[in-house]
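One structure is given below, encoded as structure tokens.
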Amino acid sequence: MLRCLAISLLLASTLLVSSRVAAQSSQGGSVPMSPIPAGETRDAQARLGALRASPSGDLTVMDERLSLRCERADDALVECEVEVRWSLSSPRDQEARFYASAVGVEHALLTTGEDSTDAPSLAPLTTRFVADTPREIVLTGRIRLRPDGGTTDALDARHMVLATPRVGPHATLLFTRAVARTFAASPTTMSVSTTFAGETPRFSARALDTAMDEAPITLSAEQLGERANVPIRIERDGGFPLRHGGPFLGLGGTFDRGFRGRVGYELGIDELVTVGVMLDSDFSESIVLGAIVEVATPSFVVPPSLSAGVGFVQRWRVGVLPAGIAPTSSGFRLEVGAVFAVIGIVASFDYFPDDAAFTSSLLGRLSL
């Protein structure tokens, strides 16, 4: 019984000491990281801000301002000069050490007065506060933002070999606000501004879906809420949503008219829409020219890229025709499909009002 009690007391004291060490570590000595939700950082190319202090104690962040001065770059979407200013105060004379995050920022410096240090760095910026006298901490640097891109949209799912690479006309950086847990108080609002040099191409910027003009904007407490991270999205006006996909071949059959072959070509509009033209033949009686617009999901293998679309078809009959049968007729096409990488299956349903003919076909397809 006494042995069990001693073991319990030992475990409790160990947990208590561990919790105190962890608390002290989060307040100073180490460089605590601000929590960054994955959903907000998926496309972010730079992460900056996250001002931290050691010891934290009674330091107050009174103001927080972010400004970007951007211009077009030859091998990037834009190149921006970054400046973040924090205004702090202390109720007493004390010395404090500061850290800041600058992931993806070149030549990053954390400065106050005549003192500066590289950011991020294990060597903190050390400064002395005079009671009730505001002091400014400044983070500066340069960032090069490349257009967001990738190979995850519908066109890439269908044409892995020849599809034009997707390059979006936008880029994202993430600003992390002063880490609230290391200060006595942090501002509930923040100021953001973005300016662009040059006239062509035109750029625009948004913070939390709020458009920014030349003048700074203030993100309110209602907009910021409890969030620690503020995404800044920079967009180039007049993007190029139309992309080449590639050719495709299909072979299968109709349910009542024998074999059918298909050859076609597809384009992509934005990320989810494809436009295709195709020529079908049953190798004996008719040729069908079709044009179709489809909505397709972005996937490669598992799950497949699913699609559904509608379009128009024009049919030409060849050979000797019975009396009263028109050699040409127009109609409508509905189509659904699934593509696993470059291999897929497509079901087409054609209706020709001129002779009330309905044709359905099932084809396997190979796209390049």
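The values are calculated or read from the model by the stated rules, or taken from the named source; none is laboratory data. Quick caveat: nothing in here was measured; it's all calculated off a predicted structure. Note that we place each Cβ from the backbone using ideal geometry, even for glycine, and neighbour counts take in every protein chain shown.
Some notes on this structure:
- Where a residue in the range 224-248 is of a type in the set (S, T, N, Q) and its partner, wherever it lies, is modelled with pLDDT under 85, with Cβ under 9 Å and at least six apart: Asn229/Ser34; Asn229/Pro35; Asn229/Ile36; Asn229/Pro37; Asn229/Glu40; Asn229/Thr41; Asn229/Ala44
- Residue check for Leu109: buried (at least 21 other Cβ atoms within 10 Å of the Cβ) and either closer than 28 Å to Ala197 by Cβ or modelled with pLDDT under 85 (or both): no
- Test: residue in the range 226-236 that is of a type outside the set (Phe, Trp, Tyr), more than 22 Å from Pro147 (Cα to Cα) and exposed (fewer than 14 other Cβ atoms within 10 Å of the Cβ): yes
- Some residue of the range 273-282 being surrounded by fewer than 20 Cβ atoms within 10 Å (Cβ to Cβ) and of a type in the set (Asp, Glu): yes
- Condition check for Arg227: of a type in the set (Lys, Arg) and out of contact with any strand residue (DSSP E or B) (no Cβ under 8 Å at 6 or more places or on another chain): yes
- Meets criteria (assigned by TED's automatic domain parsing to the domain that holds Val61 and within 21 Å of Glu71 (Cβ to Cβ)) for Thr182: no
- Residues of the range 233-271 that are assigned to a loop (DSSP other than H, G, I, E, B) and on the phi > 0 side of the Ramachandran plot: Gly238, Gly258, Asp270.
- Which listed residue, of Arg177, Arg158, is within 30 Å of Phe340 (Cα to Cα), among the basic types (Lys, Arg) and surrounded by 18 or more Cβ atoms within 10 Å (Cβ to Cβ): Arg158
- Within the range 272-306, the set of residues being on the phi < 0 side of the Ramachandran plot and among the aromatic types (Phe, Trp, Tyr) comprises Phe300 only.
- Cβ separations smaller than 6 Å between residues 6+ apart or across chains give the following pairs from the range 169-182 residues that are farther than 20 Å from Asp63 by Cβ to residues that are surrounded by fewer than 24 Cβ atoms within 10 Å (Cβ to Cβ) and hydroxyl-bearing (Ser, Thr, Tyr): Leu174/Thr41.
- Qualifying positions in the range 342-361 - more than 18 Å from Leu272 (Cβ to Cβ) and either among the aliphatic types (A, V, I, L, M) or in contact with a Leu (Cβ under 6 Å, 6 or more places away or on another chain) (or both): Val342, Ile343, Ile345, Ala347, Phe349, Ala356, Ala357
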